[in-house]
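Shown next, in structure tokens, is the structure this report addresses.
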Amino acid sequence: MSTLFLRTLREDPVDAEVASHRLLLRAGYIRRAAPGIYSWMPLGLRVLAKVEAVVREEMARAGSQEVHFPALLPKEPYEATGRWEEYGPNLFRLKDRKGVDMLLAPTHEEMFTLLVKDLYSSYKDLPLSLYQIQNKYRDEARPRAGLLRGREFIMKDAYSFDIDDVGLEASYQAQRAAYIRVFDRLGIDYVIVSATSGAMGGSKSEEFLAPTEIGEDTYVRSPGGYAANVEAVTTPVPDAVPYEDAPAAHIEDTPDTPTIDTLVAHANAHHPRPDRDWTAADTLKNVVLALTSPAGERSLLVVGLPGDRDADMSRLEASLAPAVVEAATEADFALHPALVKGYIGPGALGPQARPVGVERGDEGDSAIPYLLDPRVVPGTRWITGANEAGRHVFELTAGRDFVADGTVEGATVRDGDPAPDGSGPLELARGVEIGHIFQLGRKYARALGLQVLDVNGKQVTVTMGSYGIGVTRALALLAELNNDELGLKWPAHVAPFHVHVVAAGKDQAVLDTAERLAVELDADGVEVLLDDRPKVSPGVKFKDAELLGAPFILVVGRGLADGEIELKARAAGSSEALPVADAVAAVGARVRESLGE
């Protein structure tokens with residue numbers, strides 16, 4: 001440590017929000033270069049290399065071969081697949097000195113596809129699996145939590161190439177199994193959940209999520225085994241309700257009721273039901289959204305959902321991808337006077353607002369599209385806006401009095417909602433995404449012309465899979481899961497060093513013994529960090545050792561006079577006295593046991 005490039009911090013950085021961020025900075029594993037961008041220090045690189053080694057070993061076991069692409073890429077391949085626009089503001093765009101458009105890669109599907117197209121042309125060349133471990137770049141609007149959500153990060157991305165869908169399924173399962181082995185070896189608890197494909201595209205995807213309260217992903221699980229990212233949850237559709245005898249819709253004055261709560265209170269006070277009170281679930285909330293297409297075109301959409309639910313922007317964005325979704329602004333309302341804020345109803349929307357004979361999207365269609373929550377089935381009766389200030393419609397019946405342009409999954413999911421597969425009530429939890437696997441199908445191969453000759457000599461389009469692991473995110477998560485009030489507590493298989501030897505004293509015998517033990521442990525295959533700093537107090541050395549988080553701390557100090565040294569197990573918080581003569585053998589045995597050897 002007298003020569004190690006390291007400075008530890010005694011205080012938490014002011015902008016560090018979570019434990020992993022605070023401790024990786026304080027312990028000198030990383031240094032902040034800019035928001036969401038970090039420099040790697042010697043200790044951090046040692047841990048990173050060990051995480052990458054696990055990934056590489058399991059990729060090799062899965063039959064995948066490593067390549068490496070540049071991070072700076074040309075625009076044209078991404079333009080061909082549509083992702084130059086679809087990625088929107090998250091894509092780092094730049095120009096070279098000749099004015100040519102370039103980008104910093106968020107993922108490399110296009111480059112892998114073109115590489116295989118360049119070199120392979122026959123079914124005999126397939127199946128093929130390639131991967132890389134590479135820096136990725138996304139211009140996050142709100143980078144946070146250190147390495148957990150950055151603008152530059154390291155990812156392992158693998159791609160499979162198969163002649164048909166049967167081959168794709170086999171490749172997908174091989175990668176899925178490899179991911180299970182990776183996260184099992186790293187010691188990260190995870191759940192595998194169904195997910196949406198988003199800008200990646202494809203027919204099927206699953207996420208590996210590490211359950212933690214600091215996670216940005218919300219997922220659901222049921223007692224029967226259903227698990228999905230909340231964005232991928234589908235709503236069980238109720239049966240339609242007969243409405244032949246339903247009362248006629250009627251408009252009532254409802255002054256000062258622009259919110260669901262005020263509307264329900266007014267309805268119960270002035271228009272009580274004979275059988276029960278009105279609730280928010282009896283109201284139809286119509287939420288006005290602004291959609292921005294990848295080309296920058298802005299349009300409005302209204303979504304109708306039960307009033308006891310809120311709109312979930314992440315679910316709506318997943319359903320309406322690749323558009324960017326946000327709440328409509330006052331300027332949007334000003335351009336559409338038919339939208340009476342707080343009193344919007346189906347009568348001014350979608351099919352009801354189109355002239356007779358005009359279909360959606362036809363010339364002359366000026367109606368704002370209208371989509372409904374799947375729970376709004378024919379025969380359900382609602383209180384909703386009458387498109388006049390201070391007035392609502394009661395008993396407005398779906399299917400009889402209004403229809404929509406379609407349905408959309410965009411309402412909040414709640415604890416206790418039924419699982420789509422009937423496996424019981426859903427429970428919400430939070431997690432960090434550490435892996436994502438996709439069956440891409442032929443989207444990229446078709447866009448970029450990746451074809452091979454099949455067994456009959458016919459040109460066929462290759463089918464692809466994509467498989468990502470957040471390497472730096474996994475490292476941060478290991479730090480997040482393995483710490484206490486004193487500092488980090490690395491598992492032995494990823495720790496920068498197995499043993500931190502502390503020379504706790506200025507006596508030459510203490511220094512000499514500490515150095516001798518470090519050399520002998522190193523010769524025994526144990527990775528050692530020796531704190532030989534001559535002018536640093538034992539108290540500071542102990543604090544640094546606990547902060548840095550090696551699995552074992554070997555203290556050479558006052559006990560040396562009696563022929564003993566102290567071995568502390570960082571994770572267990574235990575300590576034991578060892579005879580100096582037996583120390584190397586005993587410590588080596590403890591290390592190998594912790595490594596599972």
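The values are calculated or read from the model by the stated rules, or taken from the named source; none is laboratory data. As the structure is a prediction and not an experimental result, all values here were calculated from the model. Positions of Cβ are backbone-derived with ideal geometry, glycine not excepted, and every protein chain shown enters the neighbour counts. Side chains included, ligands, DNA and RNA excluded: accessible areas come from the protein's heavy atoms. Shrake-Rupley method; radii C 1.70, N 1.55, O 1.52, S 1.80 Å.
Descriptive notes on the structure:
- Flag if GLY307 is in contact with a helix residue (DSSP H, G or I) (Cβ under 6 Å, 6 or more places away or on another chain) and farther than 27 Å from LEU91 by Cβ: yes
- Cβ-Cβ under 8 Å pairs, at least 6 apart or on other chains, the range 163-177 side in a helix (DSSP H, G or I), far side open to solvent by less than 20 Å² (accessible area, probe 1.4 Å) and aliphatic (A, V, I, L, M): LEU168/MET464; TYR172/ILE437; GLN175/ALA158; GLN175/ILE437; ARG176/ILE437
- A count restricted to the range 540-597 and to residues that are open to solvent by 10 Å² or more (accessible area, probe 1.4 Å) and part of a helix (DSSP H, G or I) stands at 20.
Residue by residue, here is whether (1) closer than 24 Å to PHE92 by Cβ; (2) at pLDDT below 95 holds:
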residue	(1), (2)
LEU4	no, no
ASP15	yes, yes
VAL18	no, yes
ARG22	no, no
PRO42	no, no
LYS50	no, no
VAL54	no, no
MET59	no, no
HIS68	yes, no
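- Of all residues in the range 534-563 being at pLDDT 95 or above and under 20 Å from ALA589 (Cβ atoms), the one that is farthest from the chain's Cα centre (by Cα): VAL556
- For the range 47-78, the set of residues classified as more than 23 Å from the chain's Cα centre (by Cα) and either open to solvent by less than 20 Å² (accessible area, probe 1.4 Å) or within 19 Å of LYS136 (Cβ to Cβ) (or both) consists of SER64, GLU66, VAL67, HIS68, PHE69, PRO70, LEU72, LEU73, PRO74, LYS75, PRO77, listed by residue number.
- Checked against the criterion of being of a type in the set (Val, Ile, Thr), closer than 30 Å to SER194 by Cβ and open to solvent by 20 Å² or more (accessible area, probe 1.4 Å), the range 366-387 has at least one qualifying residue.
- Checking each residue in the range 184-203 for being assigned to a helix (DSSP H, G or I), at pLDDT 85 or above and either crowded, with 20+ Cβ neighbours inside 10 Å or not charged (D, E, K, R) (or both) picks out only LEU186.
- Yes/no for VAL528 being over 43 Å from the mean Cα position of the chain (by Cα) and farther than 24 Å from LEU25 by Cβ: no
- Residues (crowded, with 24+ Cβ neighbours inside 10 Å, among the hydrophobic types (A, V, I, L, M, F, W, C) and under 10 Å from ILE163 (Cα atoms)) located in the range 433-467: VAL462, MET464
- Unmet requirement for GLU86, which otherwise passes all of (1) farther than 20 Å from LYS136 by Cβ; (2) surrounded by 18 or more Cβ atoms within 10 Å (Cβ to Cβ); (3) acidic (Asp, Glu): (1)
- Whether a residue is open to solvent by less than 30 Å² (accessible area, probe 1.4 Å) and modelled with pLDDT of 95 or more was assessed, and ASP531 passes this test.
Residue-wise test of (1) closer than 28 Å to ASP165 by Cβ; (2) out of contact with any Leu (no Cβ under 7 Å at 6 or more places or on another chain); (3) aromatic (Phe, Trp, Tyr).
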| position | (1), (2), (3) |
| --- | --- |
| LEU72 | no, no, no |
| LYS98 | no, yes, no |
| ASP101 | no, yes, no |
| SER129 | yes, yes, no |
| PRO143 | no, yes, no |
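- From the list THR81, THR8, the one residue that fits, being among the hydroxyl-bearing types (Ser, Thr, Tyr) and closer than 30 Å to ALA177 by Cα, is THR81.
- The residues listed here are GLU206, GLU213; of these, the one that is buried (at least 18 other Cβ atoms within 10 Å of the Cβ), farther than 24 Å from HIS493 by Cα and acidic (Asp, Glu) is GLU206.
- For VAL18, the conditions (1) closer than 27 Å to LEU103 by Cα; (2) open to solvent by less than 30 Å² (accessible area, probe 1.4 Å) are fulfilled apart from (1).
- Checking ASP312, ASP308, ASP362 one by one, the residue that is farther than 20 Å from GLY399 by Cα, free of Cβ contacts under 8 Å to residues at least 60 places away in the same chain and buried (at least 16 other Cβ atoms within 10 Å of the Cβ) is ASP308 and no other.
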